[in-house]
Amino acid sequence: MATRKKSINFETSLTQLEELVNALESGELSLEDSLKSFEKGIRITRECNDALKEASQRVELLTRNPQGDLEAEPFDAPEAN
């Protein structure tokens, strides 16, 4: 049986990525710490990219009409209160 990857919290991952970028841009990290941060950033970026691809595929499946064709539908973002 195929195991499914643990889902990530996309927003948390983006926050972690922003923190890593800020730390790298500060110039205060050692070379070794910079490399570790860069590697972690690449891993987080790939996880986020995978999550976005999965979400896109789910949306595509949900928007197919009965004939299997995709239908473009306007997206109305909910209004902020």
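The values are calculated or read from the model by the stated rules, or taken from the named source; none is laboratory data. All figures in this text were calculated on a predicted structure; none of them were measured in a lab. Every residue, glycine as well, gets a Cβ built from its backbone with ideal geometry; the counts of neighbours run over all protein chains shown.
Scan segment 31-66 for residues that are at pLDDT 75 or above and farther than 17 Å from Gln16 by Cα and the total you get is 13. Summed over segment 16-40, residues that are among the polar types (S, T, N, Q), over 21 Å from the mean Cα position of the chain (by Cα) and assigned to a helix (DSSP H, G or I) total 2.
Residues in segment 9-36 that are closer than 15 Å to Asn49 by Cα and loosely packed, with under 10 Cβ neighbours inside 10 Å: 1 in all.
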